[in-house]
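Remarks on the structure that follows.
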Amino acid sequence: MRMKSLKILVIAAMVAGTLIAVGSPGVASATVLCSVTTTPCAGEQDKPAGTKIVASLVAGTKAKLKNSYKTIECGKSTLEAEVTYTGGLAETVAAVFTGMTFEECNCQLVPINRGSIELQHISNTDNATVTLKNTEATVQCETIFGKVHCI
């Protein structure tokens with residue numbers, strides 16, 4: 001079983017919840033990373049390519065990765081990415097994952113291809129739709145059928 005998207009809703013929440021806000025730079029349908037939560041984002045607050053994004057789970061929360069046979073839960077997770085494209089009018093912010101760890105999990109979860117991430121501003125909010133691309137992991141879990149291993 002290929003887990004191309006990993007169905008990582010929590011990763012999306014972790015990235016969207018970083019200290020860097022997603023906002024409009026004063027133009028409708030534009031997406032940029034802004035160092036403050038404000039719309040429109042002032043030009044000097046717009047984060048450039050090369051900006052590092054680091055997101056970790058809040059203490060006491062769990063990353064949940066859902067698949068057809070089991071919900072995988074991890075007590076610790078950290079994601080690191082570097083912005084490769086800063087976005088703009090009708091465009092997305094793009095970044096490549098440079099680090100991805102999952103610890104304290106109920107299954108063995110090992111990223112094999114970190115892939116990339118895109119952020120698209122949601123109109124009238126300071127939020128973004130998060131899309132993961134080419135993110136893959138190998139997972140091994142105990143189930144009622146014994147050990148199940150998926151890539």
Of all residues in the range 41-63, which are in a strand (DSSP E or B) and exposed (fewer than 14 other Cβ atoms within 10 Å of the Cβ)? LYS52
Go through the range 64-77 residue by residue and tally those that are assigned to a strand (DSSP E or B) and hydroxyl-bearing (Ser, Thr, Tyr). 2
Please give the number of the condition THR135 fails out of (1) modelled with pLDDT under 95; (2) in contact with a Phe, Trp or Tyr (Cβ under 8 Å, 6 or more places away or on another chain); (3) under 25 Å from ALA30 (Cα atoms). (3)
Do we have THR86 as crowded, with 16+ Cβ neighbours inside 10 Å, within 25 Å of LEU119 (Cα to Cα), under 17 Å from the mean Cα position of the chain (by Cα) and of a type in the set (Ser, Thr, Tyr) here? yes
Residues satisfying the stated conditions in the range 78-126, i.e. charged (D, E, K, R), over 30 Å from LYS147 (Cα atoms) and either without any contact (Cβ under 8 Å) to a residue 24 or more places away in the chain or not in a strand (DSSP E or B) (or both): ASP126
Among residues of the range 93-129 being β-branched (Val, Ile, Thr) and crowded, with 20+ Cβ neighbours inside 10 Å, the residue nearest to ALA49 (Cα to Cα) is VAL93
Residue count, the range 134-151, condition under 17 Å from ALA55 (Cβ atoms) and surrounded by fewer than 17 Cβ atoms within 10 Å (Cβ to Cβ), comes to 0
Of the residues THR129, THR138, only one is part of a strand (DSSP E or B), free of Cβ contacts under 8 Å to residues at least 24 places away in the same chain and of a type in the set (Val, Ile, Thr); which? THR129
Is it fair to say THR84 is within 17 Å of THR31 (Cα to Cα), of a type outside the set (Lys, Arg) and modelled with pLDDT of 95 or more? yes
Return the total of residues in the range 64-73 being of a type outside the set (Phe, Trp, Tyr), surrounded by fewer than 20 Cβ atoms within 10 Å (Cβ to Cβ) and either in contact (Cβ under 8 Å) with a residue 12 or more places away in the chain or under 15 Å from GLY115 (Cβ atoms) (or both). 6
Which one of these does LYS7 not meet: (1) among the charged types (D, E, K, R); (2) at pLDDT below 85; (3) over 16 Å from the mean Cα position of the chain (by Cα); (4) surrounded by 15 or more Cβ atoms within 10 Å (Cβ to Cβ)? (3)
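The values are calculated or read from the model by the stated rules, or taken from the named source; none is laboratory data. Values in this document were obtained by computation on a predicted structure and should not be read as measured data. Reconstructed Cβ throughout: ideal geometry from the backbone, glycine too, with neighbour counts over all protein chains shown.
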